[in-house]
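*Asks:* Before we start, here is the structure in question, set down as structure tokens.
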Amino acid sequence: MRFENGQMLNAAFSKYQVPRFDDVPELDIHLLDRPDLASAGAGETPIIAIAPAIANAVFHATAQRIRSMPIRLPEAKA
């Protein structure tokens, strides 16, 4: 998001520029070989934020709070 003088300049989703790989700072990655620990996965952890983010988006769009999966509005038909 871009701000100037306390105002958001790209408040509309259509004006939001999606970050690209060129926008990511250089990362220093260290892989640890820990055969004494069970695998916990590498990419699964962030997925826990997807459903709450979608539920919050639904709430902001409809003012209806969804607190269970699957995320459906009460009047939606299967």
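*Asks:* Work out the FRET efficiency for Arg67 and Ile47 from their Cβ-Cβ distance, taking R0 = 22 Å, and round it to the nearest 0.05.
*Replies:* Details: r = 19 Å, r/R0 = 0.84.
Step by step, r from the Cβ atoms, then E = 0.75.
*Asks:* Determine how large the accessible area of Glu75 is when every protein chain is in place; take a 1.4 Å probe and give Å² rounded to the nearest 10.
*Replies:* Its heavy atoms expose roughly 120 Å² to the probe.
*Asks:* Let me cross-check Leu27: its accessible surface, 1.4 Å probe, with only protein heavy atoms counted, in Å² to the nearest 10?
*Replies:* 120 Å²
The values are calculated or read from the model by the stated rules, or taken from the named source; none is laboratory data. Model, not experiment: these values are computed from the prediction. Cβ: placed from backbone, ideal geometry, glycine included. Neighbour counts: every protein chain shown. All accessible areas refer to the heavy atoms of the entire protein, side chains included, with ligands and DNA or RNA removed. Shrake-Rupley method; radii C 1.70, N 1.55, O 1.52, S 1.80 Å.
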